[in-house]
Amino acid sequence: MAPRTKTVAQVVEIERERIEVDAGQVRQEKSEGLQELATSFKGGSVIPPLIVTDLGHGKYRLVDGERRWLAAGIAGIERVPCIVQAPKGYLETRIEQMQRNNAQPMTPLEWAQGSYNAYLAANIAALAAEAGVPDPTEGLVEAGLKPTEQREKLEAWLMELAGDTVIGYLTSGRVRVTRKEVFERLGKPTSDAAIKKLWAPLKLPAELQNKLEGTGVSTRTMDDLTGLPEGEQAEAVEAALAAAGEGGDVNAALREEIKARTESKADTASDDVTTELPEADEGVVEPDERGTTGLDWPELDAGRGKQTARLPEADEGADETDMVALAVEERGDDFESDPSLALPFGGGPGGKGKMHVNGPEPGRGSVPPAGFGARWPQPLVLQFSAGLEALLGTFDAAGPATLDEDQQRLLSSMWNELLERAEQAGLSIEVPR
């Protein structure tokens, strides 16, 4: 086998106390396995380099590696290896944090919050560039706000630039950067059903999202939680957190709590056959002053023209149809996509880089790009190759060490799924000659 080639970035050692954390980064949970990581550092394990930005005056900010930074502090390590890069804007920073291959996977809630905020920020950047005004998200990283607070700021800026409510803009033909473009950049599935599933946690009120930070609660559990009356949602979360205790399985405890409350309501309904059925408008959530309903993505009731929350007894098929219709509405016939308004990720003078475009502009008379079919698009193949290269680099950094039982339990399900899906795609252990 030919040796692998790598592009090695320059690594420098920086005093740990000169590095500040990004308090508002996508990953909010950093404590799991921290003591074990610190113990491995004390034992002489090599610390993979942290990614930092140079703030000037001898100060740096973390982009990636906060768990390693914390563990180094516990281990008493004063200088840590770092790769230094120039400061980037809010959108670029958040996208990069979600793209990083981390040993500890992000939770469903962290993915939902990060991708939706990136979606808002991408449209804000495009609208600001179109209007010839500064991007208002500059300085948002430094603000150190929680993801829910970032969302509130982003929605306010979007309304100001779009001259419309959030839902009015996102369901119009004026959307500059679609959610599918953002998900392509993140390497996530771009179907309406996949996006809807990933954003399901954002149906919960902000205060409950804050309570569930870092708990690893599944998307399904959070989606089921929204089926409870709003007043009971907070009670269920508090009860589950108390039942799980420190380091317990909050997801299992919350599922039990939801099940118990749902069964209790069913028993009550069967005992009282005269219970009045809800009116037709029950479950309709009126927009607030931002034109949102607390959902991550507006689901429209075509019959009433109002936003509706998903009801527990809703028909799944009809729900999916609404999402497909919404995807058609997202970019109308009166708007022509401009590649220069796509996701900004490049470098350039003053940190203001060129806009990211998903491939070269097609020449006149060229054949339209092929869609997803029997053969993978080449950009995805290159992306997969880069991911495997990063994975191999992780093995190189680990050296001859082996995974313990807890680590195997954490990684085995994803590893098995990866092998299964790779085999389905035609990637076998023995490469065809």
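Values quoted throughout were computed directly from the atomic coordinates according to the rules given, and no laboratory measurement underlies them. Owing to the predicted nature of the structure, the values given are computational and were not obtained by experimental measurement. Virtual Cβ from ideal backbone geometry, glycine too; neighbours counted across all protein chains shown.
Determine, from the Cβ-Cβ distance of S413 and S45 and an R0 of 22 Å, the FRET efficiency 1/(1 + (r/R0)^6), rounded to the nearest 0.05. Spell out each step's value before the answer.
Working: r = 25 Å, r/R0 = 1.15.
Step by step, r from the Cβ atoms, then E = 0.30.
Considering only the other residues whose Cβ falls under 15 Å of the Cβ of Y60, what net charge follows from Lys and Arg at +1 and Asp and Glu at -1? Show your work: numbers first, answer last.
Numbers: positive: R16, R18, K59, R61, R68, R79, K88; negative: E13, E15, E17, E20, D22, D54, D64, E66, E78, E142.
Neighbourhood net charge equals -3.
Give the shape of the range 14-80 as rounded, prolate or oblate, defined through the alpha-carbon gyration tensor: a ≥ b ≥ c are the square roots of its eigenvalues, a/c under 1.5 means rounded, and otherwise the shape is prolate if a/b is larger than b/c and oblate if not.
Details: a/c = 2.32, a/b = 1.32, b/c = 1.75.
Oblate is the answer for the range 14-80, as a/c is 1.5 or above yet b/c matches or exceeds a/b.
Non-local amide H neighbours of E20 (under 5 Å, H modeled in plane, Pro and chain starts lacking H): which ones?
It is Y60, R61, L62, by chain and number.
Beta carbons within 10 angstrom, averaged per residue: use that to sort the peptides 234-247, 401-414, 176-189, highest first. Before the final figure, lay out the partial values.
On the way: 234-247: 15.1, 401-414: 10.8, 176-189: 19.1.
My ranking of the peptides, most packed first, is 176-189, 234-247, 401-414.
With just the Cα atoms defining each centre, how far is the range 142-208 from the range 78-124? Give it in Å.
About 15 Å separates the Cα centre of the range 142-208 from the one of the range 78-124.
Taking the Cα centre as origin and putting +1 on Lys and Arg beta-carbons and -1 on Asp and Glu beta-carbons, what dipole magnitude results for the range 153-219, to the nearest 20 debye? All intermediate terms of the calculation are to be shown ahead of the outcome.
On the way: 11 positive and 8 negative charges, 47 e Å.
Result for the range 153-219 is approximately 220 debye, rounded to the nearest 20.
Note down the magnitude of the dipole of the range 111-175 about its Cα centre, charges +1 on Lys and Arg C-beta and -1 on Asp and Glu C-beta and zero elsewhere, to the nearest 20 debye.
200 debye
Relative to the Cα centre, what is the charge dipole magnitude of the range 46-140, using +1 at the beta carbon of each Lys and Arg, -1 at the beta carbon of each Asp and Glu, and rounding to the nearest 20 debye? Intermediate values should be presented prior to the final figure.
On the way: 8 positive and 10 negative charges, 70 e Å.
Computed about the Cα centre, the dipole is about 340 debye.
Grab the beta carbon distance between R79 and R100, set R0 = 30 Å, and tell me the FRET efficiency rounded to 0.05. Display every interim value, and only then the final one.
Working: r = 22 Å, r/R0 = 0.74.
Efficiency at R0 = 30 Å is approximately 0.85.
Rounded to the nearest 0.05, what FRET efficiency do V12 and F395 have when you use their Cβ-Cβ distance and R0 = 25 Å? List each step's numbers first, then the result.
On the way: r = 24 Å, r/R0 = 0.97.
Plugging the Cβ-Cβ distance into 1/(1 + (r/R0)^6) gives 0.55.
Here are some pairs, K188/K211; K88/K197; K88/K146; K146/K203; K88/K196; K88/K203; which of them have Cα atoms lying more than 21 Å apart in this structure? Can you show the working numbers first?
On the way: K188/K211 26 Å; K88/K197 30 Å; K88/K146 19 Å; K146/K203 17 Å; K88/K196 29 Å; K88/K203 30 Å.
Beyond 21 Å: K188/K211; K88/K197; K88/K196; K88/K203.
Does the range 10-128 come out rounded, prolate or oblate by the C-alpha gyration tensor, with a ≥ b ≥ c the root eigenvalues, rounded set by a/c under 1.5 and, if not, prolate when a/b is larger than b/c and oblate if not? Don't skip to the answer; put the middle values down first.
Numbers: a/c = 2.67, a/b = 1.48, b/c = 1.80.
In terms of gyration-tensor shape, oblate.
Net charge near T221, counting Lys/Arg +1 and Asp/Glu -1 over other residues with Cβ under 12 Å of its Cβ? Before the final figure, lay out the partial values.
On the way: positive: R220, R255, K259; negative: D223, D224, D249, E256, E257.
So the environment of T221 carries a net charge of -2.
Which one, I167, F183, Y119, projects farthest toward the positive side of the charge dipole computed for the range 118-188 from Cβ point charges (K/R +1, D/E -1)?
About the Cα centre, the residue reaching furthest to the positive side is F183.
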